[in-house]
1. Within the stretch A:231-253, does at least one residue satisfy the condition of being surrounded by fewer than 24 Cβ atoms within 10 Å (Cβ to Cβ), over 23 Å from A:H179 (Cβ atoms) and more than 14 Å from chain B (Cβ to nearest Cβ)?
2. Name the residue that is surrounded by the most Cβ atoms within 10 Å (Cβ to Cβ), counting only residues in the stretch A:301-323 that are assigned to a loop (DSSP other than H, G, I, E, B) and at the interface with chain B (Cβ under 8 Å from one of its Cβ atoms).
3. Among the listed residues B:D201, B:D214, B:D187, identify the single one that is more than 10 Å from every other protein chain (Cβ to nearest Cβ) and surrounded by fewer than 24 Cβ atoms within 10 Å (Cβ to Cβ).
4. Is it the case that the stretch B:273-281 has a residue that's within 12 Å of another protein chain (Cβ to nearest Cβ), farther than 29 Å from B:F111 by Cβ and outside any loop (DSSP other than H, G, I, E, B)?
5. Would you mind stating whether B:L297 is modelled with pLDDT of 85 or more and within 28 Å of A:D313 (Cβ to Cβ)?
6. Tally up the residues in the stretch A:328-357 that are exposed (fewer than 13 other Cβ atoms within 10 Å of the Cβ) and free of Cβ contacts under 8 Å to residues at least 12 places away in the same chain, please.
7. Within the stretch A:246-277, track down each residue that is assigned to a helix (DSSP H, G or I) and in contact with a strand residue (DSSP E or B) (Cβ under 9 Å, 6 or more places away or on another chain).
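The values are calculated or read from the model by the stated rules, or taken from the named source; none is laboratory data. Just so it is clear, the model here is predicted, and its values are computed rather than measured. No Cβ is skipped: glycine too gets one built from the backbone with ideal geometry, and neighbour counts run over all protein chains shown.
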Amino acid sequence: MTAPDEAVTAPNAAVTAPDESEQAVSTTQPATGRPTDRTTDRTTDRPAGESLLQVRGLQKHFALRQGIVFQRRIGAVRAVDGIDFSVGPGESLGLVGESGCGKSTTGRLITRLLEPTGGSVVFDGEDITHRPPARMREARRNLQMIFQDPYSSLNPRHTVGTIIETPMRLNGINPPQGHRKRVQELLETVGLSPEHYNRYPDEFSGGQRQRIGIARALALRPKLIVADEPVSALDVSIQAQVVNLLQDLQREFGIAFVFIAHDLAVVRHFSERVAVMYLGKIVEIAGRESLYTRPRHPYTHALLSAVPEADPDATERRERIRLAGDVPSPIDPPSGCRFRTRCWKAKDRCATEEPPLARVAGSPAGHLTACHFPEEPTVAARGEDIVLDPALG
Amino acid sequence: MSVQTPPHPAGLAPAPAPFLDVRDLRVHFPTEDGLVRSVDGVSFTLEKGRTLGIVGESGSGKSVTSLALLGLHKGTRAQVSGEIRLEGRDLVALPEAEMRALRGRTVSMIFQDPLSALHPFFTVGSQIAEAYRVHHKVSKKEARDRAVEMLKRVGIPQPERRAGDYPHQFSGGMRQRAMIAMSLVCDPALLIADEPTTALDVTVQAQILDLIGDLQEEFGSAVVIITHDLGVVSDVADDILVMYGGRRIEYGSTRDVLKNPQHPYTWGLLRSMPHLTGDVGERLDPIPGSPPSLIHLPGGCAFHPRCAYKGWVPDGRCTRERPELRLLSGSARHLAACHLTDEAKQEIRGGTGPDDHAATARTAR
């Protein structure tokens, strides 16, 4: 990476990029929670301090309609169904879950590519939940997005220069050194060459295209970038290059990230805090250390046990949890706890009463779990295999 | 033409012929831009009841290899040479009509994307039944019963009812199960799974991998699983073949390749992967550059432009001379194609135990 000049310094002077030592400290959560569970403490996912992004009760229901002329509403896909979280300046929050859990919809609601059905999104002190599109441009200056597919997210008829320049022109930003120079600086920042300015996207490989998308997101020096599966379309060896690049940018410019991915290992590497989503709800949110070593929600536990590791010893040691079936339909989610239909611990109470997302006994502060019967706060003592799949004897 | 590389890692087995014996397989595609050497001299063996994992990035030739095993390059412009001996019979030389009789019955395939591999117009049950009726003289009723039985076997709830459903009525994981049911309906002796779980979520992926393993145990099939995910092969494979630029660069048992990798590319793949445990403060260690073009493959070792260790080999041999697969000293069947001497590899690893591939990262820089 090239050293950025003044034009590319942190967008917010108050925000200092966390250096590596700080980062390491911030992820180590105290192992023991405070003995008294005060209400204030029980439901906040982040320790005190100002938030850059506040999401409260966010909902998105896609209406299902029937009929051609007189369309009747016959139901709704409850893609995101009341989620709360916050992201601090310069912080990276990971959003993980299986397909259909609402993680991508959440990303699009935050950037207001979709209109929320309910709840609120407060970004940088301003409520942008229902801000009209014309006025969103202002907020998008600080709120950018990186998309999953490096092929469809770049206009094939525009040169790389035009693609990266456009956000600046739209926002009336005229860098002192001129657009062209600035774009070339950005290209260098993301590890491409300034000579690529006049090339077209089809001349680049997937990894390089993703870098162009990143340069475009950086062009306005945003405070927050929503990255929706930024590396899942890339080859393993290229994936690591892009993850490292994003990490450098986060640390150097103090950019906060909402990092959406289905790959738990990538998220662990990139995000200090991680939220696990299931059927439109956050079922668990915690600092990465706490979440990956002491998952309390059975779903988180099952997810972690399902990730194959490239280590034959780990494969032998690992406890297997094999859930039955797939994620149920978000049109008609199960009552009470949404995970109960695939959960091996489900009892009657789970069907009638929805568990709140709160700190459960034995979890450190900031580790919230939505479960009536949370797992033991340790993975050291692994239990027996849990196999619910009828086909697996 | 290159020197013949040893066809099987054992190197000691002229004894009983292996169940599947691929020798010096080449698949070349003539294009306007030049000859694309997708697969260029690949050899491996596989016994019944065993699983081989073929690993590589996009463009490494792994999928083209799998299509060759099924004889799906016949009648296309592809130039296939070499031998694919299945129970002694050479599939490369086999006429299409005879190949068709084998396909689906003796050799079967699970594709990556079940939505495009299943016909949207026919019910899942009828498609599975058809696959059975092509190879067995049975009534429609019997074939349908067999289809329902297979759906039940792969864990589809209410199989009688679901057999009448169309593919779009199935979820992703169920479609993949239906594909598996279809590929296993004739009890194939060789099952090829091309990225069978790439499109699936992790919990479903784990189900499917377990299912393939269970069914393999039950039917005693040989399985070739093609994937880019080293985690998946670690889970299911007995042997691993690592491909790069259409060629083999490392081949050995799963434990050998993952715990004691011998090729800088394999080191790179393992180091660039993020893990669920261990230190997160450490940066990922990517392989620089990107995979090579198969038309203009770099001379010498195809990996040399991305290799951090070519300086360890004297006289720039890596850029001039293609390394042959060599047996690792002290190992019966662990092959790697690299000019680095064992001593140099030891030194690169900083004298740490052979099990510690992570240590190589630090000492190399």
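1. No, every residue in the stretch A:231-253 fails to be surrounded by fewer than 24 Cβ atoms within 10 Å (Cβ to Cβ), over 23 Å from A:H179 (Cβ atoms) and more than 14 Å from chain B (Cβ to nearest Cβ).
2. A:L323
3. From the options B:D201, B:D214, B:D187, the qualifying one is B:D187.
4. Checked the stretch B:273-281: no residue is within 12 Å of another protein chain (Cβ to nearest Cβ), farther than 29 Å from B:F111 by Cβ and outside any loop (DSSP other than H, G, I, E, B).
5. no
6. Selection size over the stretch A:328-357: 1.
7. Selection gives A:L246, A:Q247, A:L249, A:Q250, A:L264, A:V266, A:V267, A:R268, A:F270.
This table checks each residue for (1) surrounded by 21 or more Cβ atoms within 10 Å (Cβ to Cβ); (2) among the hydroxyl-bearing types (S, T, Y); (3) away from every other protein chain (no Cβ under 11 Å); (4) at positive phi.
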| site | (1), (2), (3), (4) |
| --- | --- |
| B:G268 | yes, no, no, no |
| B:S293 | no, yes, no, no |
| B:H296 | no, no, yes, no |
| B:H304 | yes, no, yes, no |
| B:P314 | no, no, yes, no |
| B:R326 | no, no, yes, no |
